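Visitor: Below is a structure I'd like to ask you about.
The values are calculated or read from the model by the stated rules, or taken from the named source; none is laboratory data. Since the model is a prediction, treat every value here as computed from it, not as a measurement. Positions of Cβ are backbone-derived with ideal geometry, glycine not excepted, and every protein chain shown enters the neighbour counts. Keep in mind that these areas ignore ligands, DNA and RNA; they rest on the heavy atoms of the full protein, side chains included. Shrake-Rupley method; radii C 1.70, N 1.55, O 1.52, S 1.80 Å.
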Amino acid sequence: MTKRFHEKLINLLKTVPQFVDDQGELVTAAVIDQAWKIDHALVGLLLDDREIKTRFFEEIKGHWVFNINAFVEYVGDKNFLANSYTRFRNRIGLTIDDKSLRERGEVSLVWPYKDCVLEGGQTKEEEKRSEIFFNEALAQDEIDCLFDPKALTNWKRYSVDGEHDAAEIRRDEKGTIRENLVVKGNNLIALHTLKAQFRSQVKLIYIDPPYNTGSDSFGYNDSFNRSSWLTFMRNRLEVARGLLRDDGVIFVQCDNNEQAYLKVLMDEVFGSENFIEVITVVNNPSGRDYGGVANMHEFINVFSKSNSYKIFPIENRDKTFPYQDEDGGFEVRELRNRNIVFNEKNRPNLVYAFYLNPASRDENGFFEISLEPKEGYVKVLPAISQGVQTVWRWGKEKSLRNLNINICGKAVNKSNRYQIVEKYRGAARFARSVWWDKEVNSQRGTLHLKRLFNGRTFDNPKPEDTIKRVMEMSTVENDLVVDFFAGSGTTAAVAHKMNRRWIAIEQMDYAETVTKERMRKVIGRRVAEEGNLLETIQFDTGGISQSVNWQGGGDFIYCELMRYNEVYMDKIQTAQSTRELVALWRDIAENSFLNWYVNKETPEDAVDDFVAIGQEENGLNKQKKLLAELLDKNQLYVNLSEIDAEDFEVSEDDKALNKLFYGE
């Protein structure tokens with residue numbers, strides 16, 4: 001058949017979306033699969049062209065019969081797609097037994113490659129690159145040490161005294177690491193790296209992942225957008241679950257775009273029985289009206305690891321009290337427990353008499369009480385409700401300790417009936433499922449970061465008060481908090497100010513320029529003021545600093561997953577021309593770890609095909625994808641087990657710190 005017929009058939013088949021890959025290339029395996037199934041749509045497509053119909057169909061008694069064998073043999077021929085793209089793949093070794101990796105029967109689409117390179121930040125910073133390598137199918141036997149612990153490098157400790165080389169890893173008496181950490185690197189790989197040291201140690205995980213809106217940094221560019229986002233999230237949530245203590249909880253923030261699907265996914269990973277609540281956060285009271293219903297809110301999905309969790313009350317700074325005494329403000333709560341009724345087996349110690357002095361009424365309408373009968377005093381018992389005796393909330397000993405201090409008498413509706421009430425002085429309350437107060441307004445986070453970084457903005461940082469509320473609900477001092485979508489570092493900042501331990505993981509370059517630098521500002525630095533003999537500490541006074549009386553101090557360690565092939569991934573992505581990519585290909589062939597089936601040579605005929613690919617539509621991206629396929633994804637970062645290999649040139653200081661960190 002002529003070249004023109006080849007091109008006609010290929011172009012016709014490419015009109016079927018399921019027959020092309022994300023680069024617009026024909027996937028012959030998909031075509032052959034549908035041919036063997038005698039797919040009606042495929043058969044109809046072939047019948048519509050007279051020349052193609054004549055080639056692959058036979059007329060029998062007025063009916064056209066599909067010659068499946070002839071069609072499959074033609075399409076399956078290794079020369080069928082003899083374009084520059086296919087020739088390059090053949091010559092460089094990206095095919096095995098004349099089949100590309102995606103055609104091999106043992107290939108399983110497990111998404112590890114996407115997980116390694118997907119940026120996964122939640123911002124649209126200038127540093128953010130357009131991610132282009134997403135969907136590479138890896139055979140199961142190619143995935144060996146992808147999730148093994150990685151070597152860590154570029155260790156630094158930061159305190160009010162500035163930057164220092166990290167010389168130790170502090171641990172408690174049980175051997176548990178007691179350091180605050182900023183870790184730069186892919187968050188999936190970082191979680192697997194941390195899991196041995198921090199398994200079952202984390203009280204709270206809060207994450208604000210990419211929302212998959214189409215305009216955020218989850219830029220997956222094929223028709224499986226939602227599937228890949230859910231896989232992306234599942235891989236991380238599964239390993240994160242292992243970090244949680246038995247009483248640990250996880251808070252995952254998102255918007256309407258993926259909320260329903262995320263809830264189902266978390267039901268599966270954490271168990272529907274461990275679902276606590278979906279909190280609605282009204283973070284934009286003015287709403288965003290795009291021609292429909294103005295959207296004002298986001299969601300926080302709250303799950304526990306087991307049923308041993310506890311949700312704590314949160315501070316209500318705006319609370320006012322109707323009453324005052326010498327000990328401060330208070331409100332009153334009836335001491336009777338309306339939910340427990342008395343019987344011989346049910347809390348008999350909670351039914352006893354108070355005695356109230358009707359002549360002792362003060363200016364607030366409260367009466368003196370006693371636990372002993374006195375002349376002129378009125379006996380008060382827990383009320384009878386619907387013929388059933390109720391009980392007090394406190395036992396007699398506790399009531400005696402609080403008598404006329406935190407409990408007293410009160411008339412019922414100014415009548416001669418009385419009740420015993422508690423003077424409740426707490427400002428805390430249990431969190432509700434809808435947050436609409438001004439503290440959670442997203443603009444607060446933006447303004448805080450703008451002031452902190454002298455006008456520089458960061459897209460959609462969460463306000464510190466939102467994270468403070470999360471931590472008040474779920475942690476106490478010295479608990480460990482983890483955020484593996486650290487972004488601008490809000491979670492770490494709030495944890496530090498509230499005296500929690502913390503780990504922040506971020507892959508983007510702003511892990512150094514924003515996340516780390518924000519934590520340096522939170523900790524503060526010593527400064528000598530003119531005319532003052534003593535040094536003072538300058539620290540971040542915004543966000544929740546005033547409400548928690550933050551005064552600066554503390555320290556943290558910054559480190560990075562040690563990159564290897566990941567360096568070449570960066571170079572591939574930032575290349576601007578075919579010439580750059582050809583030079584990079586030669587560098588990769590000589591200095592990087594390639595997949596075992598890749599030809600290390602750069603034959604000139606393959607170079608010619610590679611250059612030709614660049615001249616096609618979307619050619620530069622096709623070339624980048626092809627080069628990315630050469631790299632062994634198990635070697636994106638340096639494996640801890642290979643830290644002594646000469647190829648990686650790990651310094652002796654880094655080797656020593658890795659041994660301290662991993663407890664070896």
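Visitor: More than 30 Å from E163 (Cβ to Cβ), crowded, with 18+ Cβ neighbours inside 10 Å, in contact with a Lys or Arg (Cβ under 9 Å, 6 or more places away or on another chain) and not acidic (D, E): is that true of I544 in this structure?
Guide: It is false that I544 is more than 30 Å from E163 (Cβ to Cβ), crowded, with 18+ Cβ neighbours inside 10 Å, in contact with a Lys or Arg (Cβ under 9 Å, 6 or more places away or on another chain) and not acidic (D, E).
Visitor: If we keep just the residues of region 131-172 that are of a type in the set (F, W, Y) and at pLDDT 90 or above, which is farthest from V183 (Cα to Cα)?
Guide: Here the residue is Y158.
Visitor: Consider region 408-464. How many of its residues are under 17 Å from I279 (Cβ atoms) and assigned to a loop (DSSP other than H, G, I, E, B)?
Guide: 9
Visitor: Something else: So Y424 passes all but one of these: (1) at pLDDT below 90; (2) out of contact with any Phe, Trp or Tyr (no Cβ under 8 Å at 6 or more places or on another chain); (3) open to solvent by 40 Å² or more (accessible area, probe 1.4 Å). Which condition number does it fail?
Guide: For Y424, the failing item is (2).
Visitor: State whether one or more residues within region 48-67 are within 48 Å of the chain's Cα centre (by Cα), of a type in the set (A, V, I, L, M) and in a helix (DSSP H, G or I).
Guide: Scanning region 48-67 turns up no residue that is within 48 Å of the chain's Cα centre (by Cα), of a type in the set (A, V, I, L, M) and in a helix (DSSP H, G or I).
Visitor: Please go through region 649-664 and give me each residue that is farther than 15 Å from E560 by Cα and in contact (Cβ under 8 Å) with a residue 12 or more places away in the chain, ordered by number.
Guide: L660, G663
A quick yes/no check of all residues on (1) under 20 Å from Q324 (Cα atoms); (2) β-branched (V, I, T):
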{"residue": "N357", "(1), (2)": "no, no"}
{"residue": "E363", "(1), (2)": "yes, no"}
{"residue": "I369", "(1), (2)": "yes, yes"}
{"residue": "R417", "(1), (2)": "no, no"}
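Visitor: Kindly list the number of the only condition in (1) touching a Lys or Arg at 6+ places or on another chain (Cβ under 9 Å); (2) more than 30 Å from T475 (Cα to Cα); (3) free of Cβ contacts under 8 Å to residues at least 40 places away in the same chain; (4) open to solvent by less than 40 Å² (accessible area, probe 1.4 Å) that fails for N402.
Guide: Condition (2) is where N402 drops out.
Visitor: Now for a separate question. Does region 251-265 contain any residue that is at pLDDT 95 or above, within 23 Å of F147 (Cβ to Cβ) and of a type in the set (K, R)?
Guide: No, region 251-265 contains no residue that is at pLDDT 95 or above, within 23 Å of F147 (Cβ to Cβ) and of a type in the set (K, R).
Visitor: Looking at L42, L9 in this structure, which one is modelled with pLDDT of 90 or more, open to solvent by less than 30 Å² (accessible area, probe 1.4 Å) and either closer than 23 Å to E617 by Cα or not in a helix (DSSP H, G or I) (or both)?
Guide: Just a single option satisfies the conditions, and that option is L9.
Visitor: Here's something else I'd like to know. Limited to region 452-461, what total is found for residues that are open to solvent by less than 30 Å² (accessible area, probe 1.4 Å) and either at pLDDT 95 or above or not aromatic (F, W, Y) (or both)?
Guide: The total comes to 2.
Visitor: Here's a follow-up. Please find, among E590, E649, E616, the residue that is over 33 Å from the mean Cα position of the chain (by Cα) and loosely packed, with under 15 Cβ neighbours inside 10 Å.
Guide: Residue meeting the stated conditions: E590.
Visitor: How many of the residues making up region 144-187 are among the hydrophobic types (A, V, I, L, M, F, W, C), open to solvent by less than 30 Å² (accessible area, probe 1.4 Å) and over 20 Å from R563 (Cβ atoms)?
Guide: The total comes to 3.
Visitor: With more than 15 Å from D208 (Cα to Cα), among the polar types (S, T, N, Q) and either at pLDDT 95 or above or outside any loop (DSSP other than H, G, I, E, B) (or both) as the only criterion, which of T280, T231 stands out?
Guide: Answer to the check: T231.
Visitor: Restrict the check to region 558-565 and report whether at least one residue is among the polar types (S, T, N, Q), surrounded by 18 or more Cβ atoms within 10 Å (Cβ to Cβ) and closer than 30 Å to D654 by Cβ.
Guide: yes
Visitor: Filter region 506-536 for residues that are open to solvent by 60 Å² or more (accessible area, probe 1.4 Å) and more than 23 Å from R456 (Cα to Cα) and give the result.
Guide: R526, A528, E529, E530, G531, N532, L533, L534, E535
Visitor: Within the bounds of region 558-579, is there any residue that is at pLDDT 90 or above, β-branched (V, I, T) and over 30 Å from V440 (Cα atoms)?
Guide: yes
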